[in-house]
Structures are given as structure tokens and as C-alpha cells.
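The values are calculated or read from the model by the stated rules, or taken from the named source; none is laboratory data. Given the structure is predicted, the values throughout are model-derived calculations rather than measurements. Here the Cβ positions follow ideal geometry from the backbone for every residue, glycine too, while neighbour counts run over all protein chains shown.
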Amino acid sequence: MKLEGQLQEIIYQNDSNSYTIAVLKTEEDEYTVVGYLPFINEGDCLSLEGKFVTHQDYGRQFKIDTFEKKLPETTDALEKYLASGVVKGIGPTIAKKIIERFGKDTVNVFKFEPKKLADIKGISSTGALEMAEEFNTKWNLWQIVGFLEKFGINASNSKKVYEALGNDAIEEIQKNPYVLVDITYGVDFFKIDKMAIDIGIDINSYQRIGAGIRYSLIVASYNGNTCVQKEKLYEFVKERLGVEEKYIDEVMINLRATDKVIVEEIDEVDWVFLAEFYKIEQRIAQRIHMMLKTQNVKYIADFDSQLAKEESLLQMMLSEKQKEALLQVNNSNISIITGGPGTRKNNYYKSTYRYI
């Protein structure tokens, strides 16, 4: 389902991932919309695709799947957009003057004749250029967002791409689409690969195979794996990219030399890690080693009698397995709690430490 209208109010926006709750005014009504909307401001004209859902506390809402920012189609809409404060130095009064002066040509003035803005009382020559630059930058951001959607990169991740590549993001991606594999998690590699091949990147190129190796290791991480057997990695890359092993070997040498992947032999098997995953595991291992060597300051010598007092105070009796778990926590600096989703691991952690 599609909704088109103007953003009347931003009720909430998460600064880190741009998850937004806002009010969109259409020709028919006003709707509460929720979803990921980076780089938006009150007054923006949006085309949203999604569906209506009913929140148990907040009622009917439109949940956004994809979106597009559109140029305001009327001078009233454009005035509201400018009056919202989206461009520094332009408030309701200046916005009204700009629209009265330029009308339907306002956008073209910002884009192609910014010096004309200085004809408005209250806007200096320097201010006119700064306002035009900011106006155009914000529109460029939306071009980037729309462009990235073609590769399965959602709104919450498009912000990362912009922060990494800046205003030249589209140009940089068109030169080397595989750069997206390094920036975003969960990108559609095969859409990127098709674009790269269409623009003439060789199927045996370092760029393509290197990105394919990184993508393969990232896919493995979706299932919690921080490394992959080298043999299985090669099989996956050969099958998905249609390249010969000799080319993968050449790229692997380069990736290892530039510290982008780590290969470690464990029990006579070569395992391949993304360098960032390997370094994280190293830090975890170092912390565990440090904790094992540290004095157990929480140790309770008369554990059994203290536990009995707690059971009496709380009027409850623990099972033998629960007592065994508490004893292990008491005697060790490190305890590992396992279990699938929904098995109340966090509650167990809290209740365990209540006793010690």
C-alpha cells in the first residue's frame, strides 16, 4: 500500500538508526507513520510504501517498508518545507518571502541561480550561497538513499554509506560497486555484482573476488560463525562467483598481506577469519585469560550455610541443579549460561547473582 503526503510532525527519531515516528498529512487524512527515515525533516514530501498495523498501545499506524522523498509539488508545500528550519537561516518569515518572490521557480533558483536569493531582504550574498548549498546537499542525500535501495540497502544503513563516502557516494559506487560490501552489513551482494559486471569489471578481478570472499565470510557470520574452513570457503566462492581456484589463491595472498583476512591453522585445518572478527575474538580470549588469573573476590567460604539462610528468608527451596549452578558461580570467576532464545537466560543471571 502507498501513502503520499507531507510530513507534519516528527514525534520521535532515534539518532543512531533514524527509526522515526511521525505524522504524515495526505489529501484524505493525517496518519501516524513508523519506520526508518534518515535525513528527513518536518515539511518533507514523502511517498511511502508499507502497510497499516495496529499497535496495542498506540492504535493504528502505517509501518514503512520503503520510501521516497519528493520535491514539494505546490508552492504551499515548498513554503512549509523551507519554514520548517530544514535550511539554516530560513524560518517562516524568510520562507514566505522566498515563495512570494520566486514562486514555482524557487527550486531552480536554489539549484542554479542561488545569488538571486540575496534579492530577499534579510539574506546576504554569502548567506544566499550557504543556504543554496545546504538545500542542495539535503536533496543529494535523498538521491543517495533512493539509489542504495536498488542494492537492498535499507534506510537505516544508507546513513552509514553517506557518512563513509559523502556527497560523491553515487559516483564512488558506480566506479566500484563492491565498496558497499565493506560498509554495510546484510547488503545484497548479487545485485552489486550484476551492476559491477554491467559496467565492465572483469569477473576475475581482484575487486570482485575480494568482495566475494568478504561476503562469504559475512554470510557465515549470520549463523554465528566467526571463521570458515578454507576449503569450504573456496568451494562457496567458486560456486557463487564462477571463478577458478587459482584466482582465489591470488586474491587471498593479497587479502592476507593487507591484513583484511587472517588464516589460522587449528587441528591441522586452515580457518579463514575476517580480520575484524579475529581481533574481536582475540580481545575476548585475553579478557577471559585475565579473569581466570584474577582473585575470586566474590567467593563465599560458608556457601552452604549462607544459601540455607537465603532459602529460609525467601521461603523457597532450590533444586539440586540450581544449587550446583550457584556453587559453580561461587567457585569460578567465569560462568557460561547457555540456552536458545526465550529460555530466560538474563533472568537466570540476575537471580543467580542475588544469592552471591
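Here is how the numbers come out for the structure above:
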quantity: Test result for Leu24, under 26 Å from the mean Cα position of the chain (by Cα), part of a strand (DSSP E or B), of a type outside the set (Lys, Arg) and closer than 18 Å to Gly146 by Cα; calculated: no
quantity: Pick from segment 60-80, criterion in a loop (DSSP other than H, G, I, E, B) and of a type outside the set (Asp, Glu), ranking: nearest to Ile144 (Cα to Cα); calculated: Leu71
quantity: Filtered residue count, segment 4-36, keeping only those that are farther than 22 Å from Asp57 by Cα and buried (at least 20 other Cβ atoms within 10 Å of the Cβ); calculated: 3
quantity: Condition broken by Lys138, with the remaining ones in (1) of a type in the set (D, E, K, R); (2) in contact with a helix residue (DSSP H, G or I) (Cβ under 9 Å, 6 or more places away or on another chain); (3) under 26 Å from Leu48 (Cα atoms); (4) touching a residue at least 60 places away in the same chain (Cβ under 8 Å) satisfied; calculated: (2)
quantity: Criterion (surrounded by 13 or more Cβ atoms within 10 Å (Cβ to Cβ) and modelled with pLDDT under 90) met by exactly one of Glu68, Glu73; calculated: Glu68
quantity: Cross-chain or 6+ apart pairs with Cβ under 8 Å, segment 273-295 first and closer than 23 Å to Thr258 by Cα, then in a helix (DSSP H, G or I) and of a type in the set (D, E, K, R); calculated: Phe273/Glu281; Leu274/Arg214
quantity: Scan of segment 106-149 for residues that are outside any helix (DSSP H, G or I) and of a type outside the set (Lys, Arg), ordered by number; calculated: Glu113, Ile120, Gly122, Ile123, Ser124
quantity: Residues located in segment 23-43, provided they are over 18 Å from Gly85 (Cα atoms) and charged (D, E, K, R); calculated: Lys25, Glu27, Glu28, Asp29, Glu30
quantity: Residues (assigned to a strand (DSSP E or B) and crowded, with 17+ Cβ neighbours inside 10 Å) located in segment 37-59; calculated: Cys45, Leu46, Leu48, Gly50
quantity: Unmet criterion (only one of (1) modelled with pLDDT of 65 or more; (2) closer than 22 Å to Ile288 by Cβ; (3) not hydrophobic (A, V, I, L, M, F, W, C)) for Gly342; calculated: (2)
quantity: Contacts under 8 angstrom Cβ, first residue in segment 156-169 being assigned by TED's automatic domain parsing to the domain that holds Tyr185 and at pLDDT 75 or above, partner assigned to a helix (DSSP H, G or I) and of a type in the set (Gly, Ala, Ser), 6 or more apart; calculated: Val161/Ala169; Tyr162/Ala169
quantity: Gly200 being of a type outside the set (Asp, Glu) and in a loop (DSSP other than H, G, I, E, B); calculated: yes
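Here's the yes/no breakdown for (1) modelled with pLDDT of 95 or more; (2) at negative phi:
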position: Glu268; (1), (2): no, no
position: Trp271; (1), (2): yes, yes
position: Phe277; (1), (2): no, yes
position: Glu281; (1), (2): no, yes
position: Ile288; (1), (2): no, yes
position: Thr294; (1), (2): no, yes
position: Phe303; (1), (2): no, yes
position: Ser319; (1), (2): no, yes
